[in-house]
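The values are calculated or read from the model by the stated rules, or taken from the named source; none is laboratory data. Note that the structure is a prediction, hence the values are computed from the model and not measured. All Cβ positions, even for glycine, are placed from backbone atoms using ideal geometry, and neighbour counts span all protein chains on display.
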Amino acid sequence: MTEHVATNETILVVGGGISGMTAALEAAETGKNVVLVEKNPALGGRTSQLYRYFPKLCHPTCGLEINLRRLKNNPRVRVLTLAEVTGIEGSTGNYTVSVKVKPRYVNENCTACGDCGRAVETMVDDPFNYNLGQHKAAFLPNAMAYPQRYVLDPAIIGTPDADKAKAACKYGAIDLDMKEETIQVKAGAVVWATGWQPYDAAKIQPYGYGRFKNVITSVEFERLADIHGPTGGKILRPSDGKEAKNIAFIQCAGSRDENHLRHCSRICCMASLKQTHYVREKYPEDGKSTIYYIDIRAIDRFEDFYQKVQADPSVTFIKSKVAKITEDEHGNAVCHGVDTEGYKRYTTPHDLVVLAVGMEPSVKGINIPGHIVADSSGFIEADPANGAVFGAGCASNALDVNRAVQSATAAALRAIQVVNKVAKAEA
Amino acid sequence: MSANTALAEKYRNNFLKEIEEQVEMGDWVKMCMQCGVCSGSCPTNFQSAWEHPPQELFMMIRAGKREEVLTSSSMWNCTSCYNCIVRCPRKLPITHIMHGIAEYAHRLGMAPKMQPTRFFSGLFWKNCTHTGRVNELKLSMGLYFKDGLGAGIKEGMKMKDVAIGLLKAKRLNPFELFGGHKCKDQKGIQAMLKKAYEIERSRKAAKMAG
């Protein structure tokens, strides 16, 4: 990867998840220079935190690997990790973007051998696993992290642990003097692909997330199922480590709710249907899934996926939005509500309750430098007032991986048109 | 033709439209997406008298079950705890709709006559508008004797310890049974209520005719 000087023919892509990577690669493969800015120490975003994709149930490593290979082969993409955009000045075809780059304390000499991780003793929360577990303060962000380089947590800088890490490194890769810096990047167009965040389930007060240990979110459940997750791929209850075999999935946890998220998050129904496969995979004999739903929105061509899950005897569907969750003396999460089919009240204990939390755009509440037109949920709209700042992926709508890639390709095309005009004007 | 038959004729096969036009907040009924959070959150849902939870009532309205909805005692069981309003994902004012349907059923004379909430509401209104003050003794006695003398004495005996306690604490004056205390300008209050009643009646009559 060569470093190139950013000009106003450069496309800046903010966010290195599946959308940002796609937009960056699509633009770079047409010959444009791209700067890809990622907040985390590694690319891949929330896609890399999934255990499997729907509908084919393949591992996201596969799709990401293809993109990472394209990225490694393309000298036109410059990747900045641990970097955040703090300001955008200028207008279409001529932006100056301020990017704050946090120190990694590890330089490109790193071979990911792991000696520093073994030397360090301090443990810190592991955001890749949604803080369900901890990892060493010198760590590889995830198994297929790109760049494949360790990171030192700022918490150990200035402590003996940092010196231990430095001493353990055979390659001189640890640089404890790295400082936070702000750099200016020129760009003709900006693709805003900052993705989504799971809706804060603690705000849905009657569900007791945060109060009851065995009420977790769908994104946390992905980590429990993953072999690289905190339980090594076993579905265990957070409260007592017992095998969770009777699992409830609650749809529209936050979505389609005027008190929380106004929009349908679109992916959660498919995600829960997919996650019933995890339950069956881990407990083929006696795993049981119960889906509490308002209506199942298996979007687009996924109706057959829904029908297959419906035919599965280990999965029960209950047409009802759960009104309240309590905890019984065994630590079970108990769902209370009224079944719309027959209007019967139920009080049903489950080993584990998974809240299919909605998608909140990451841009919501964040002051995107410049003026961005967003819809009532905070997703970026395609509006001429946005100039050459284009929303892509989940920054623009609640999308699954497939649609996010389509959206990112479209955004890349818009950005390409802008920098083409700039190039013509300058020629 | 009575008001009931006239309106039934007007909205034949379109009970939802009738509710939308005639019932306070009735235009919200169509917004229900049948998620069931209101029913699950309803504290009275455990009672056997709560025949149809709100979301079922809304579905019955849409299904045109006019007779069953209007003669139901379900909406009269609402305690106005507002749990459903707080939690409804579509922000339906469910408590108000319950009261609206109850009031409409009452207006048409279809509400169950001896349903305790309905009976008590009538009793309370008569009681407090008569003198401009609530006469608690007459009010509670009226409720006890709702189902006749025998049942009233039985109910009263059940509460006798409370009543004696109230007497001792001077919170219950037995002489209230004869007349009772009044507000200063009884005629003024009654004139005001009469005017308000006329305004309301003409508004509702216009709605029902229109």
query = Can you name the condition, by its number, that B:Gly109 falls short on among (1) away from every other protein chain (no Cβ under 14 Å); (2) touching a strand residue (DSSP E or B) at 6+ places or on another chain (Cβ under 8 Å); (3) not aromatic (Phe, Trp, Tyr)?
reply = (2)
message = Looking at region A:381-392, can you tell me whether even one residue there is polar (S, T, N, Q), away from chain B (no Cβ under 14 Å) and buried (at least 21 other Cβ atoms within 10 Å of the Cβ)?
response = no
request  = Please specify each residue of region A:274-299 satisfying the condition of being part of a loop (DSSP other than H, G, I, E, B) and either within 14 Å of chain B (Cβ to nearest Cβ) or under 18 Å from A:Val219 (Cα atoms) (or both).
outcome  = A:Ile294, A:Asp295, A:Ile296, A:Arg297
ask   = Taking B:Val134 and the conditions (1) among the β-branched types (Val, Ile, Thr); (2) surrounded by fewer than 17 Cβ atoms within 10 Å (Cβ to Cβ); (3) within 13 Å of another protein chain (Cβ to nearest Cβ), which numbered condition does it fall short on, given that it satisfies the others?
value = (3)
note = B:Ile97 passes all but one of the listed conditions (1) at pLDDT 90 or above; (2) loosely packed, with under 11 Cβ neighbours inside 10 Å; the exception is number (2)
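Quick test for you: out of A:Lys324, A:Lys424, A:Lys344, pick the one residue that is in contact (Cβ under 8 Å) with a residue 40 or more places away in the chain and surrounded by fewer than 20 Cβ atoms within 10 Å (Cβ to Cβ). So that I can check it myself, show each step before the final result.
On the way: A:Lys424 fails: in contact (Cβ under 8 Å) with a residue 40 or more places away in the chain; A:Lys344 fails: in contact (Cβ under 8 Å) with a residue 40 or more places away in the chain.
When all the criteria are applied, what remains is A:Lys324.
Determine which member of the set B:Lys91, B:Lys138 is of a type in the set (D, E, K, R) and either modelled with pLDDT under 90 or in a helix (DSSP H, G or I) (or both).
On the way: B:Lys91 fails: either modelled with pLDDT under 90 or in a helix (DSSP H, G or I) (or both).
The conditions single out B:Lys138.
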ask   = From the list A:Phe305, A:Phe249, which residue is touching a residue at least 60 places away in the same chain (Cβ under 8 Å), more than 14 Å from chain B (Cβ to nearest Cβ) and over 24 Å from A:Gly208 (Cα atoms)?
value = A:Phe305
ask   = Quick one: is A:Ala333 within 11 Å of chain B (Cβ to nearest Cβ), of a type outside the set (Val, Ile, Thr), in contact with a strand residue (DSSP E or B) (Cβ under 8 Å, 6 or more places away or on another chain) and crowded, with 22+ Cβ neighbours inside 10 Å?
value = no
note = Going through region B:87-102 in order, the residues found to be out of contact with any Ser or Thr (no Cβ under 6 Å at 6 or more places or on another chain) and away from chain A (no Cβ under 11 Å) are B:Pro93, B:Ile94, B:His96, B:Ile97, B:Met98, B:His99, B:Gly100, B:Ile101, B:Ala102
query = Is region B:18-28 home to any residue that is closer than 20 Å to B:Lys91 by Cα, within 14 Å of another protein chain (Cβ to nearest Cβ), touching a Leu at 6+ places or on another chain (Cβ under 7 Å) and in contact (Cβ under 8 Å) with a residue 24 or more places away in the chain?
reply = yes
request  = Keeping to region A:252-276, report how many residues are surrounded by fewer than 21 Cβ atoms within 10 Å (Cβ to Cβ) and either touching a residue at least 12 places away in the same chain (Cβ under 8 Å) or touching a Lys or Arg at 6+ places or on another chain (Cβ under 6 Å) (or both).
outcome  = 6
request  = Hey, could you check region A:398-421 for residues that are of a type in the set (S, T, N, Q) and without any contact (Cβ under 8 Å) to a residue 24 or more places away in the chain and say which is farthest from A:Cys62 (Cα to Cα)?
outcome  = A:Asn420
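Looking only at residues in region B:67-86 that are part of a helix (DSSP H, G or I) and polar (S, T, N, Q), which one is nearest to the other protein chains (Cβ to nearest Cβ)? If you could, list the steps in order and put the result at the bottom.
So in region B:67-86, the residues part of a helix (DSSP H, G or I) come out as B:67-70, B:74-77, B:83-86.
So of that shortlist, the ones also polar (S, T, N, Q) come out as B:74, B:77, B:83.
Details: B:Ser74: 11, B:Asn77: 14, B:Asn83: 9 Å.
This residue is B:Asn83.
B:Met31: buried (at least 16 other Cβ atoms within 10 Å of the Cβ) and either away from every other protein chain (no Cβ under 14 Å) or under 29 Å from A:Gln251 (Cα atoms) (or both), yes or no?
No.
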query = Any chance region A:202-218 includes a residue that's within 14 Å of chain B (Cβ to nearest Cβ) and more than 23 Å from A:Thr316 (Cβ to Cβ)?
reply = yes
ask   = Just a yes or no: is a residue in region B:180-203 among the aliphatic types (A, V, I, L, M), at pLDDT below 90 and farther than 30 Å from B:Ile19 by Cα?
value = no
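Yes/no per residue for (1) surrounded by fewer than 21 Cβ atoms within 10 Å (Cβ to Cβ); (2) touching a residue at least 60 places away in the same chain (Cβ under 8 Å); (3) basic (Lys, Arg):
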position	(1), (2), (3)
B:Phe58	no, no, no
B:Ala63	yes, no, no
B:Ser73	yes, no, no
B:Thr79	yes, no, no
B:Asn83	yes, no, no
B:Val86	yes, no, no
B:Pro93	yes, yes, no
B:Glu103	yes, yes, no
inquiry  = Of the conditions (1) more than 14 Å from chain B (Cβ to nearest Cβ); (2) more than 16 Å from A:Phe249 (Cβ to Cβ), A:Val338 satisfies every one except a single condition; which number is it?
reply    = (1)
note = Among (1) without any contact (Cβ under 8 Å) to a residue 24 or more places away in the chain; (2) in contact with a helix residue (DSSP H, G or I) (Cβ under 7 Å, 6 or more places away or on another chain); (3) closer than 14 Å to A:Thr276 by Cβ; (4) of a type in the set (A, V, I, L, M, F, W, C), A:Val315 falls short only on (1)
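Matching residues to (1) touching a residue at least 40 places away in the same chain (Cβ under 8 Å); (2) basic (Lys, Arg); (3) out of contact with any strand residue (DSSP E or B) (no Cβ under 7 Å at 6 or more places or on another chain):
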site: A:Lys56; (1), (2), (3): no, yes, yes
site: A:Ile66; (1), (2), (3): no, no, yes
site: A:Val97; (1), (2), (3): yes, no, no
site: A:Lys102; (1), (2), (3): yes, yes, yes
site: A:Cys113; (1), (2), (3): yes, no, yes
site: A:Met123; (1), (2), (3): no, no, no
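Results for (1) at negative phi; (2) of a type in the set (Asp, Glu); (3) modelled with pLDDT under 95, shown as yes or no for each residue.
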site	(1), (2), (3)
A:Ala187	yes, no, no
A:Tyr199	yes, no, no
A:Ile204	yes, no, no
A:Glu220	yes, yes, no
A:His228	yes, no, yes
A:Gln251	yes, no, no
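Out of A:Ala408, A:Ala412, report the one residue that is in contact with an Asp or Glu (Cβ under 6 Å, 6 or more places away or on another chain), outside any strand (DSSP E or B), closer than 16 Å to A:Leu12 by Cβ and of a type outside the set (Ser, Thr, Tyr). Talk me through it step by step, then tell me what you get.
Numbers: A:Ala408 fails: in contact with an Asp or Glu (Cβ under 6 Å, 6 or more places away or on another chain).
It is A:Ala412.
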